[in-house]
1. Carbon and sulfur atoms: what percent of the 1.4 Å accessible area of the range 5-70 do they account for?
2. Whose amide H sits under 5 Å from the amide H of Met106, counting only residues 5 or more places off or on another chain, with H placed in the peptide plane?
3. What's the center-to-center distance, using Cα atoms, between the range 24-78 and the range 169-208 in Å?
4. I'd like the carbon and sulfur percentage of the solvent accessible area for the range 137-239, probe radius 1.4 Å, heavy atoms only, ligands and nucleic acids excluded.
5. Distance in nm between label sites at Thr206 and Ile14, each 7 Å beyond Cα in the beta-carbon direction?
6. Structure shown: which of Lys161/Lys182; Lys10/Lys142; Lys94/Lys142; Lys30/Lys148 lie over 29 Å apart, alpha-carbon to alpha-carbon?
7. Would any residue of the range 225-239 have its amide N under 15 Å from a label point 7 Å out along Cα→Cβ of Asp178? List them or say none.
8. Name the residues whose placed amide hydrogens come within less than 5 Å of the amide hydrogen of Tyr226, ignoring near sequence neighbours (fewer than 5 apart) on the same chain.
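The values are calculated or read from the model by the stated rules, or taken from the named source; none is laboratory data. Keep in mind the model is a prediction, meaning the values are calculated, not measured. Positions of Cβ are backbone-derived with ideal geometry, glycine not excepted, and every protein chain shown enters the neighbour counts. Surface areas here come from the heavy atoms of the whole protein model, side chains and all, with no ligands, DNA or RNA. Shrake-Rupley method; radii C 1.70, N 1.55, O 1.52, S 1.80 Å.
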Amino acid sequence: MAENSKQINKEQLIKRYQEVKNKIIESAQKSGRSLENIKLIGVGKNHSIEKINFVRKLGLEGCGESRVQELLDKEEQQPREIDWHFIGHLQRNKVKYLARLNNCKMIHSLDSLRLAKEINKRARKNQRNMSVLVQINIAEDKSKYGFKTKEIHELMPKLDKLNRLNIKGLMTILPYFDDPEKARPYFKELRQIKDNLNKAGYDKLTELSMGMTADYEVAVEEGATYLRIGRGLFGERYS
Ligand SMILES: *Cc1c(COP(=O)(O)O)cnc(C)c1O
């Protein structure tokens, strides 16, 4: 059943939000982490702007979308109010639309050098810098984009030359596991790659975008700084 975009179940959204927040707090305590380093991105794909806005105001760090057109449609309904995080595979011919939006705060899904060059070019045209995360296909999942782990150390000096890019950290999208514990080794590995890059002198890479509805508690324990949560906050996507 398609939802009527104007009728949102506020109680249910509050309940979901509190549940997610409480679990984040618990996992942070368990692992001795400070909450201020754990930022919650609400992934509102297929959900209405009313719903997204309601949850955003409960306390989100930003809103995530995985399709450019959907992000632009929502931006048009709420100009310049939302901090957008782009999290899906980005085609080079769509970069220009994101570069124009100063409130597009982060591209989590930098998955090729050609894309990096295009973002750099469009950022310069718009007289800005763009913050990006390097996507690593840590589980070597054939259906997912991203660099291979072994490519990263060769890639970094090339990215460093693109002076309109602020490389803030790493991101990964894991396959769905029935048991979140199965995600843990991959989260650990992403963190390890970041630590190694930091030791190699890339000390501005501080962010780890990892953890979705199925596994965010484990992600917090393993050092996630951005959680990308969709269903856990907004409910099923009806798709
Ligand atoms: C949809 C999506 C999410 C959120 O997934 P949920 O399982 O709904 O939490 C996170 N990251 C990316 C890249 C996505 O496309």
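1. 42 percent
2. Here the answer is Phe86, since their amide H atoms fall under 5 Å of that of Met106.
3. Value for the Cα centre distance between the two parts: 20 Å.
4. 46 percent
5. Inter-label distance under the simple model: 3.5 nm.
6. Lys161/Lys182; Lys10/Lys142; Lys30/Lys148
7. none
8. Residues meeting the criterion, in which the H sits 1.01 Å from N, are Lys39, Leu208, Ser209, Met210.
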